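The values are calculated or read from the model by the stated rules, or taken from the named source; none is laboratory data. All values derive from a computational prediction rather than experimental measurement. Ideal geometry is used to build each Cβ from the backbone, glycine not excepted, and the neighbour counts take in all protein chains shown. Ligands, DNA and RNA are excluded from the accessible area calculation, which covers all protein heavy atoms including side chains. Shrake-Rupley method; radii C 1.70, N 1.55, O 1.52, S 1.80 Å.
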Amino acid sequence: MKLHVLISEFCAGNPTKNIKWKNQSKRKYCSNHFCFVLFFPVVLFFMLLCFNHLFFENIKGHVYFHGKSTGSVTYFPGKLNETEDSCLGRYIYIHDLPKIFNEDVIKDCQLITRSTDKYSMCNSLENSGLGPGIEALNASDLWKNSWFSTNQFMLEVIFHNRMKKYDCLTDDSTLASAVFVPYYAGLDLRRYLWGFNTSMRDVSGIDLVAWLARKPEWKRNSGMDHFLISGRIARDFRRKSNRKSDWGSNFRLLPESENITMLTIETGYSKNDVAVPYPTYFHPVNDFQVHQWQEFLRKQNRPYLFSFAGARRSKQKGSIRAEIIDQCQASNKLCNFMDCSLFNQCDDPVNLMSLFRSSVFCLQPPGDSLTRRSTFDSILSGCIPVFFHPGSAYTQYVWHLPKDHNRYSVFISSKDLRVGKVTINQTLLQVSKDEQLAMREEVIKLIPRIVYGDPRSRLETIDDAFDLAINGILKRIKNLTKN
């Protein structure tokens, strides 16, 4: 018998107008109320049971959501309806790698510290990889908890810590649009770059791709949806011979590794390497700190036309640094030069940032490689970068810097400079004051795009360097795997 019929028959009875049956009528009226109270919860229970069955019947897996506004973690046992799923197409799965590929690499931090390092890498691991805090920047208490002596090689640790708080993580890899491999490739290589044979430099990468190849996540797309981050330049992982004297490892030349996209501070010729900004000293904890820093820079007095922080590199073939330094020193006080060959001169973030904040233009010639961290320090200071090679920025950071490089920078041909066809003074003096202001404003607007927010906090509305890298990697992998 159906439930509603059973209830009807059990509670049957109509009110009577007969005075004789007045009391009996009241009893029937009360009986009706009793039936309602008794059976309403039963009906509600069956309704909820049916709803639960319809809603969760086809659900599999578990999804973790991190609300960007609060930073809190919500655990939801399943996949939301696609029309309501803000993470659709953005889910990322993180491989749970054996500790030898990440945690053990930094556990004994002295092994990643070179004898020539001015500071121990153990200090650089403080504050989730941001390094020791900087107490003073002669600015404001607004930013005193957001400036750190950050080592560029710690990008792997910083990025991994940011990934742990990514909005759309999932522990069901079948839902993932991308798979992150938290391998500290650069830090691992740093342990064996000097004084070790090629086998020691290569073994970790070989073991990693062997581990990945056994996983179902890899087999799904042959690793084409996998990505990792490196705080070293791409060239360091592309050693072509087994001679001990040759630099780096062969990690990126392994057949399996070639399918993985590597985010790196400088790309080479490979189509599977994508450049992301070097980490700077500024790691804001909220949007307000970013906006206030931008306003602070707009009001800065800049007495120097241009500046340069670096050393001559006389042993480096083709270097134009000596010419740049000579022109700077002969500029009749238009240029401010910081000699990085002197102990600790350029290792002090306060000194370096003060130099750039006092200058309209900042010279960025190639260093050990085409790119320099100094490029991003100058942008962070509101200083217009001056490049001498397209590979120093224009062909590198395509997800983070504008395609129209004339909006935010000046280019001087290194060849023309070397043969005396142009001089730095003449080129920069030709830029009008209005053009300077417009370019500086573009540079200041770029700041949110080139900083990595503090992994322990969360920016509300700003997309920083990490966010743009994730957006880029998701689009890239979608294109790679759509066929």
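Brief remarks on what is shown
- Heavy-atom accessible surface of region 327-423: percent carbon and sulfur, 1.4 Å: 52
- Residue-normalised accessible area of region 331-439, given per residue in Å² at a 1.4 Å probe: 43
- Built amide H within the under 5 Å cut-off of Ile94, gap 5+: Thr170, Phe180
- Accessible surface of region 130-266, 1.4 Å probe, proportion on carbon and sulfur as whole %: 49
- For region 269-307, chymotrypsin sites (Phe, Trp or Tyr not before Pro) meeting the loop criterion (DSSP other than H, G, I, E, B) and having at most 10 other Cβ atoms within 10 Å: Tyr269.
- Coil-residue chymotrypsin sites (Phe, Trp or Tyr not before Pro) of region 224-254, DSSP, other Cβ within 10 Å capped at 12: Trp247
- For Asp348 and Lys299, a Förster radius of 25 Å and the Cβ-Cβ distance give a FRET efficiency of 0.60, rounded to the nearest 0.05.
- Of the cross-linked pairs Lys244/Lys317; Lys118/Lys315; Lys315/Lys403; Lys415/Lys482; Lys315/Lys475; Lys144/Lys165, those separated by over 32 Å at the C-alpha level are Lys315/Lys403; Lys415/Lys482; Lys315/Lys475.
- Amide H contacts under 5 Å for Ser307, placed H, 5+ residues apart: Asn336, Phe361, Cys362, Leu363
- For region 390-483, trypsin sites (Lys or Arg not before Pro) meeting the loop criterion (DSSP other than H, G, I, E, B) and having at most 14 other Cβ atoms within 10 Å: Lys403, Lys421, Arg456, Lys482.
- Residue-count net charge about Arg238 - beta-carbon cut-off 10 Å; Lys, Arg +1, Asp, Glu -1: +2
- Note, ³J(HN,Hα) from phi for region 382-395, Karplus 6.51, -1.76, 1.60, rounded to Hz, x at Gly and Pro: x, 9, 6, x, 10, 9, 10, 8, x, x, 7, 7, 4, 9
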